[in-house]
Amino acid sequence: MSTVLLTGASGFLGSAIVKSLKPHYSLTTIGRSDDENISCNLATSVPELNSDFDWVIHAAGKAHVVPKNPAEIADFYNVNFNGTKNLIKGIEQYGKLPQAIVFISTIAVYGIDEGKNIDEAQERNATDPYGKSKIQAEDFLLEWGAKNNVRIGIVRPSLIVGQNPPGNLKALIGGIKSGHYLNIDKGKARLSMVLADDLAAFLPTIAQHGGIYHLTDGRHPSLHDISYLVASHFGKKKLLNIPLSLAKQIAVTADFIQKITGKQLLINSKKLLKITSTLTFDDSKARAIGWKSRSVIENTQLWLD
């Protein structure tokens, strides 16, 4: 039975990885929780490993937070970049290197809000702390892997979907349940999504091949499709819609208020562009090595309770 070291096991995706891999692999987890096999805050400390591993899956990371001050900005680099370096130091100190390391990165490395069928060759132009810290971690691992003859797999997943999801999907579901959600421009924007369970099950394949991959369900549903599916599930008969022209006027006003007060508002021009722009990704590279995915829209039992 292959041995696997997993970081981030207590997180949203990490929980799905544990569920998928534990029946088939000898799994050791590392993190800050008392439930982990190895207790260590990778952002500040080098872990003390007491065995070697065939593969390492590095899913620990900081995301889904808009930093409000320099300390919160620094947290992204401490967790995502320094945490990666500390993990590697721990592996090196033990002495025996793994065959492969799989790193869960993000599509945020591209620093773009719109585009269609973007592939892995897209330039990484992120300017925010989250995207930049993930770029640094990617580059560090790729250089280290090449130097030490360790396969490096990098996953840049689209929006990950599962039970109790974080981030924007959580906000969408919560808004619809509370009756405070509305579509803008009829929800025309499309986005790529992937089921957490499918992503988790494919990680051993990535460990065997190495390389950089997008993972999506291949359907790229619209916000209209997603929001009406959620509304129907929770018995909400009608969703409101506002025209794009009106939304732009509101966003410009919000920009002005934010500039004067310095407070983050629910909507501004940057956020409006993000939620009204199509952003989809090409996963044909992963499909060439066996990636198969279920439809998010057709499997609501996996993410709507």
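Details
- Taking label points 7 Å from Cα along the Cα-to-Cβ direction, Arg32 and Asn148 give a separation of 2.4 nm.
- Available extension along the chain between Lys22 and Thr44 is 5.2 nm, counting 0.36 nm per residue and deducting the alpha carbon span.
- Under the convention that each Lys and Arg Cβ holds +1 and each Asp and Glu Cβ holds -1, the size of the dipole of region 20-65 around its Cα centre is about 220 debye.
- Residue among Val296, Leu6, Ala200 farthest towards the positive dipole end of the chain, charges placed on Cβ: Val296
- Taken one residue at a time, the phi angles of region 271-281 give Karplus couplings (6.51, -1.76, 1.60, θ = phi - 60°) of 5, 4, 4, 5, 8, 10, 10, 6, 9, 10, 10 Hz. Gly and Pro are set to x.
- Taking amide H positions as modeled 1.01 Å from N, with prolines and chain starts lacking one, the residues under 5 Å from His220 and 5 or more places away or on another chain are Met193.
- Efficiency of FRET between Glu72 and Glu92 - r from beta-carbon atoms, R0 35 angstrom, step 0.05: 0.70
- Amide H contacts of Asp52: none lie under 5 Å away among residues 5 or more positions distant or on a separate chain (H built 1.01 Å from N in the peptide plane; Pro and chain starts excluded).
- Within the accessible area of the chain (1.4 Å probe), percent carbon and sulfur: 51
- Rounded to the nearest 20 debye, the dipole magnitude of region 158-243 is 480 debye, with +1 charges on Lys and Arg beta carbons, -1 on Asp and Glu beta carbons, and the Cα centre as origin.
- Entries in Lys170/Lys248; Lys238/Lys259; Lys170/Lys274 that, when Cα-Cα distance is taken, lie over 27 Å: Lys238/Lys259
- Per-residue extension of 0.36 nm, minus the Cα-Cα distance of Leu302 and Ala288, leaves a gain of 2.5 nm for this segment.
- Partners of Lys85 within straight-line reach, counting lysines whose Cα lies under 18 Å from its Cα and excluding those fewer than 8 residues away in the same chain: Lys62, Lys96, Lys132, Lys134, Lys147.
- Taken about its Cα centre, the chain carries a charge dipole of about 1000 debye when Lys and Arg each add +1 at the Cβ and Asp and Glu each add -1 at the Cβ.
- Relative pair counts by distance (%), Cα atoms of region 165-295, 10 Å bins: 11, 33, 30, 19, 7, 0
- Our note on the geometry: Cα centres of region 73-111 and region 35-57, 12 Å apart.
The values are calculated or read from the model by the stated rules, or taken from the named source; none is laboratory data. Owing to the predicted nature of the structure, the values given are computational and were not obtained by experimental measurement. Cβ coordinates were reconstructed from backbone atoms using ideal geometry, including for glycine residues, and neighbour counts include every protein chain displayed. Heavy atoms of the whole protein, side chains included, go into the accessibility calculation; ligands, DNA and RNA do not. Shrake-Rupley method; radii C 1.70, N 1.55, O 1.52, S 1.80 Å.
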